[in-house]
Amino acid sequence: MPTSVSETAATSKYLAILRSLVTWTALGLFIAGGFVAGALGMFRFLNLSQDTLPVALISSGLSFGAKPQSDGAPDWRNKERVNILVLGGDRRSDEPSDQPIRTDTIMLVTIDPTSRSAGMLSIPRDLLIPIPLPSKDCSYLPWGNPYGQERINTAFVYGELCGYPTGGAGLTKDTVQYNFGVKVHYYALIDFDAFEQFIDAIGGVEIEVPERLVDNEYPTPDYGIMSIEIPAGRQHLDGEKALWYVRSRHMDSDFGRMHRQQQFLLALREQVLRLGMLPRLPQLALDFRDMAQTDLSPLEIASLLLLVKDIDAEYITNRTLEFPYVTSLTGPDGGSYLLPMRERIRELITKFLADPRLREEGATVEVLNGAGVSGLAARTADRLKERGITEVITGNTDDGKARRVTEIHDLTGKGYTAAVIAGILGVPKDRITSLAAGEQDPDIRVVLGEDLRDR
């Protein structure tokens, strides 16, 4: 528990804690492995079939040692999706701040300003995957080559110890992108002590505990263990008990812990909104970088907070990489690991990144080539499918006349999908017209014009 401090220091600490509260709410900030003896033998044992190769290698051709993903930041002002990797570090209060830590919580948070939706994807710490660190940077590591595999929670340690250009956070971001084919724009890392202090600063959090939580091997700050218990039902958790709730894993598994973290995060978000703390946003954003390790600027934090506060809870998606998206493995060293089921994960991530409002409308779309450019309709259909508009058919206009500009016809009142299509294609929304549908007509018809011939 935090020690007592003077009133001035307490005020400063409170501001530091409070700013992390709002950022956690916006980004999903929450919460050990170690190096594996005899790992090289295990990697040969795995034999690296296609199903264990990174999704990125199969789907998008990304290479090892990719550039830091914060380069080319997205424009999220109602335009582009933002992906943030949230890391929870296992750092004790007596450990030096410059010592590399294991990231036992790894959560990919996505925010889509176009659809006003968000999602949280929890990644288990024991997932065995390739870490894209060239062997020349750290040849003494157990795997010793760029095709070796390790637990994902060691990527941060390797990045720090091996001098990766963007450090542990950069290597962890690149590891997630390399394996799952999802561009990671930013990261935020926080430790357990800050989380506990923050919860106390806001007076605790109300949460519905679905079943009694008992853990007889909960780790203590002095590297021992203790027994903890949280009863089922509506509970008010202070900082210490909140940390129990989001950190404990011995009663069930790491999967159970990830579900509790997501549940707690949603409860925290609701409480912050009720407390009305967002007017203090500018100062909180400025203070945030003093407490959490992140590559988000204060202005970027403020912009994200403004986006997140307007997202309805029904448009926040929670996903976890658990069975059947992973399978268990015991290595030759006796260690327990999880192997990714790549095709299933690919399908999960596609749905995770899908626009829930597009899914609700479920529009069928017809794309007609009116520009006289061979293959334009097919290329446009592919662009729409990549953004989650899956029911697309293509063809040519009947009269053979070239259209100067592209038109979008909403035939059944599915205006949200029509507006998204306009945004994807860069077509002004005043070119969306509402028409009566015939018996065989699709929901939306897109007639491509010469203005899209080079897109």
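Of all beta bridges DSSP finds with both residues in the range 358-452, what is the antiparallel percent, to the nearest 5?
Numbers: 4 of 17 bridges.
Within the range 358-452, antiparallel bridges account for around 25 percent of the total.
Could you name the aspartates and glutamates in cross-link range of residue 401, using Cα to Cα under 16 Å and dropping any fewer than eight places away on the same chain?
Partners within reach: 450, 451.
Taking the Cα centre of the range 358-452 as origin, work out the dipole magnitude from +1 charges on Lys and Arg Cβ and -1 charges on Asp and Glu Cβ, in debye rounded to 20.
Computed charge dipole of the range 358-452: roughly 340 debye.
Give me a comma-separated list of calculated 3J(HN,Hα) values for the range 152-161, in order, Karplus coefficients 6.51, -1.76, 1.60 applied at θ = phi - 60°, integers in Hz, x for any Gly or Pro.
5, 6, 8, 4, 5, 4, 4, x, 6, 6
So for the pair residue 309, residue 250, with labels modelled 7 Å out along Cα→Cβ, what separation do we get in nm?
The answer from the label model is 4.2 nm.
Where the centre of each part is set by its Cα atoms, how far does the range 430-451 sit from the range 198-267, in angstrom?
53
Which of rounded, prolate, oblate describes the range 358-452, given a ≥ b ≥ c as roots of the alpha-carbon gyration tensor eigenvalues and a/c under 1.5 marking rounded, otherwise prolate only if a/b is larger than b/c?
It comes out rounded by the Cα gyration axes.
Modelled label-to-label distance, residue 267 and residue 343, 7 Å Cα→beta-carbon offset: nm?
Taking the two extended label points, one gets 4.0 nm.
Starting from the 7 Å offset along Cα-to-Cβ, what nm value, one decimal, do you get for the label separation of residue 323 and residue 383?
4.5
Which of the residue pairs 183/414; 241/351; 241/309; 173/429; 173/385 have a Cα-Cα distance greater than 28 Å in the structure shown?
183/414; 241/351; 173/429
For residue 424 and residue 374, what is the calculated FRET efficiency with R₀ set at 22 Å and r taken between the beta-carbons, to the nearest 0.05?
0.55
Each residue of the range 82-90 in order: what ³J(HN,Hα) in whole Hz does its phi give by Karplus 6.51 cos²θ - 1.76 cosθ + 1.60, θ = phi - 60°, with x for Gly and Pro?
10, 10, 10, 8, 9, 10, x, x, 8
Could you rank the peptides 297-304, 321-328 by their average count of other C-beta atoms within 10 Å per residue, with the highest value first? Walk me through the numbers on the way to the answer.
Working: 297-304: 19.0, 321-328: 16.0.
So the order, starting with the most tightly packed, is 297-304, 321-328.
Put +1 on the Cβ of every Lys and Arg and -1 on every Asp and Glu Cβ in the range 358-452; which of 444, 368, 384 then has its Cα farthest towards the positive end of the dipole?
With unit charges placed on the Cβ atoms, the residue in question is 384.
I'd like to compare 167-176, 236-245, 305-314, 113-122: which one has the highest average count of other Cβ atoms within 10 Å, and what's the full order after that?
Numbers: 167-176: 25.9, 236-245: 19.2, 305-314: 14.7, 113-122: 22.2.
Averaged packing, sorted descending, gives the order 167-176, 113-122, 236-245, 305-314.
Hey, can you grab everything whose amide H is under 5 Å from the amide H of residue 209? Only 5+ residues off in sequence or another chain; H modelled, so Pro and N-termini drop out.
Those lying under 5 Å, H to H, from residue 209 are 233, 234, 235.
Where a number appears in this text, it was derived from the coordinates with a stated rule and is not lab data. Just so we're clear, the structure is a prediction, and the values are computed from it rather than from any experiment. All Cβ positions, even for glycine, are placed from backbone atoms using ideal geometry, and neighbour counts span all protein chains on display.
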